[in-house]
Amino acid sequence: MTQELLMSSTETRGKPGVRRYAMVIDVRRCIGCMACQVACKAEYDVPLGVFRTWVPYRVTGKYPTVKKQFLPRLCNHCDDPPCVRACPVEATYKLEDGGFVLQHYDRCIGCKACMASCPYNARFMLPEHRTYTDITKVVDKCTFCYHRVIQGLVPACVQTCVGRSRIFGDINDPNSEVSQLVARHATQVLRPEQGTKPHVFYIGADRSLTDYGRAVYHKDEQADIERAAFNRNKHI
Amino acid sequence: MNEYTVFHTMAWPSAYAIYFFVIGISSALFFFSALSWFREDYRPLRENAFYASFVLLAVGGLLLIGDLSQPGRFLNILNPAYLNFQSPLAWGGLNLISFGLVAVLYFFMMRKGDEVNGKRLAIIGSLLALGLPIYTGFDLTVHQHRPVWNTPLMPVLFVGLSLVSGAAVASFLTKGSEAANSAMRRMMLWSGGAVGAMLISLLGTTAYGGVGAELTFMFLTSGTLGLIFIGLGIIAGTAVPIVLLLAPLGRQQVGMMTASVLILVGGMALRYSILYGGQILQTYY
């Protein structure tokens, strides 16, 4: 990306001297085993009912040519993150070196402006009670496994992905696998029209999953039942 | 099952709609009280409107703090080391607090009958009061992916809603003054008309927007939310009161009171449906 295309001072993709981590998800390789979701839950003690990463699917086509399409989702660690702009107390911030969008838990007031501003539903409110962790009643999200990456490891979801559907690396390094995948394949990002410059790139994602789609006309009643049950117990 | 996704909760629940409602009324009531220093027809409203404004300001502040998941940390918003001026919430917090402080000073000047300082504080307080509906509108506008919210109309619409709802409450506080009643009737008519025009514009841009806007339009105009937005908000809460106020009955006390009640019901319904309308679709993404 040329310097002229950088729209805001927060963007670090293509900026010399800094790393810009990104994830490439090749949905053609995803088998929907949900191991990434489980690994993430285990890594962070993510409570029931909320997710840092999740794998929705949709069955498309007509028998006998039906296809179950998965679209692993997580925080897109945007280069121009609306959540950082929306937070009144700078509890959400973006690291220049690495591009991680992270959270100061002790500063978050719980106004949920970041949740309202996120086009990807990547943020959630932590419930009042957690099993092993005392960080509660603040907004949380995927961190791209910052604590692992700074130790030279890849995120837990990437580590566990059985089909190597998830690839992680520095997109500012032209020799990295993510750079080469993005250069060689047609990739999609979620909701590019929002100008957030997401850094989760999909290979082979179907528009029936990346867009709102007409499925909203036929609402998923199970999700409504689960949402009602979750709210009834006043977890949030 | 052909589809699976996890459910997502709405970021801002109905407490925010109530907050928008009370803070809008509070700012308009202060404005009417302030106008009484410059216009004789508003004079009966000076004390009553101010007291009601102050009570609603306190209620609104408590609602806002109570809705935080960490209410004890609301002081973070006053910490200069933390403040993020890119966020309308930061401006809003400062606006609310400075408005509260000016309102306290205004109270003392009003009690003292200090014409010079009273007028000064009335002007400063009115500007700060104007900032409250504007910032609440910006709270919604800045979220670029939210249909209905992300329009430059929103801060102006909230000012209009503030004036019309505030005038509806003020019409109960005029102590039977003919002049004040007439002023409030005019205020309800003009601001109600402006709100009506903006709602038509909002519906138009939403209906002819992209996929998200189109689906949001569907939610806003059908089912329960449709009943609240179209039925209570637009028809019962905006169109009917305007017609009533224009009719001969609207010049009488009973007609004006009826219109005021309808406007208040409509004002709450509009804020609720606009708040929810912008969030429903996202919960399915």
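The values are calculated or read from the model by the stated rules, or taken from the named source; none is laboratory data. In this text, all values refer to a predicted model and were calculated from it rather than measured experimentally. Backbone-built Cβ (ideal geometry, glycine too); neighbour counts: all protein chains shown.
Once segment B:60-109 is narrowed to residues that are polar (S, T, N, Q) and away from chain A (no Cβ under 11 Å), the residue that is surrounded by the fewest Cβ atoms within 10 Å (Cβ to Cβ) is B:SER98. Of everything in segment B:201-213 that is assigned to a helix (DSSP H, G or I) and within 9 Å of chain A (Cβ to nearest Cβ), the residue that is farthest from B:TRP149 (Cα to Cα) is B:VAL211.
Scanning segment B:152-175 turns up at least one residue that is within 20 Å of the chain's Cα centre (by Cα), farther than 15 Å from B:MET257 by Cβ and not in a helix (DSSP H, G or I). Listed by first and then second residue, the pairs with beta-carbon distance under 7 Å, at least 6 apart or on different chains, first residue in segment B:1-19 and more than 7 Å from every other protein chain (Cβ to nearest Cβ), second surrounded by fewer than 19 Cβ atoms within 10 Å (Cβ to Cβ) and among the polar types (S, T, N, Q), are B:MET10/B:THR283. For beta carbons closer than 8 Å, sequence separation of 6+ or different chains, a first residue in segment A:188-211 that is at positive phi and a second that is among the charged types (D, E, K, R) and at pLDDT 90 or above, the qualifying pairs are A:GLY195/A:ASP80; A:LYS197/A:ASP79; A:LYS197/A:ASP80; A:GLY204/A:ASP26; A:GLY204/A:ARG28. None of B:MET188, B:MET198, B:MET184 is under 16 Å from the mean Cα position of the chain (by Cα) and under 20 Å from B:GLU40 (Cα atoms) except B:MET188.
Does at least one position in segment A:114-125 carry a residue that is in contact with a Gly (Cβ under 9 Å, 6 or more places away or on another chain), without any contact (Cβ under 8 Å) to a residue 40 or more places away in the chain and facing chain B (nearest Cβ under 8 Å)? Yes - at least one qualifying residue is present in segment A:114-125. When segment B:203-245 is filtered for residues that are in contact with an Asp or Glu (Cβ under 9 Å, 6 or more places away or on another chain) and surrounded by fewer than 16 Cβ atoms within 10 Å (Cβ to Cβ), the ones remaining, listed by number, are B:ALA207, B:TYR208, B:GLY210, B:VAL211.
Quick one: how many residues across segment B:126-151 are more than 22 Å from B:ALA52 (Cβ to Cβ), more than 12 Å from chain A (Cβ to nearest Cβ), in a helix (DSSP H, G or I) and aliphatic (A, V, I, L, M)?
Within segment B:126-151, the subset more than 22 Å from B:ALA52 (Cβ to Cβ) is B:137-151.
So of that shortlist, the ones also more than 12 Å from chain A (Cβ to nearest Cβ) come out as B:137, B:148, B:151.
Next, only the ones that are in a helix (DSSP H, G or I) stay: B:137.
Among the residues that remain, those that are also aliphatic (A, V, I, L, M) are: none.
Summing the residues that are more than 22 Å from B:ALA52 (Cβ to Cβ), more than 12 Å from chain A (Cβ to nearest Cβ), in a helix (DSSP H, G or I) and aliphatic (A, V, I, L, M) in segment B:126-151 gives 0.
Taken over segment A:58-85, the criterion of being more than 16 Å from A:ASN121 (Cα to Cα) and assigned to a strand (DSSP E or B) is satisfied by A:ARG58, A:VAL59, A:THR60, A:LYS67, A:LYS68, A:GLN69, A:PHE70.
Look at segment A:48-90 and say how many of its residues are closer than 22 Å to B:TYR4 by Cα and within 17 Å of the chain's Cα centre (by Cα). Residues flagged as closer than 22 Å to B:TYR4 by Cα and within 17 Å of the chain's Cα centre (by Cα) within segment A:48-90 amount to 16. The number of residues in segment B:118-146 that are modelled with pLDDT of 95 or more, buried (at least 21 other Cβ atoms within 10 Å of the Cβ) and of a type in the set (Lys, Arg) comes to 0. Answer yes if at least one residue in segment A:128-144 is facing chain B (nearest Cβ under 8 Å), touching an Asp or Glu at 6+ places or on another chain (Cβ under 7 Å), of a type in the set (D, E, K, R) and under 30 Å from B:ILE65 (Cβ atoms), and no otherwise. Scanning segment A:128-144, I find at least one residue that is facing chain B (nearest Cβ under 8 Å), touching an Asp or Glu at 6+ places or on another chain (Cβ under 7 Å), of a type in the set (D, E, K, R) and under 30 Å from B:ILE65 (Cβ atoms), so the answer is yes.
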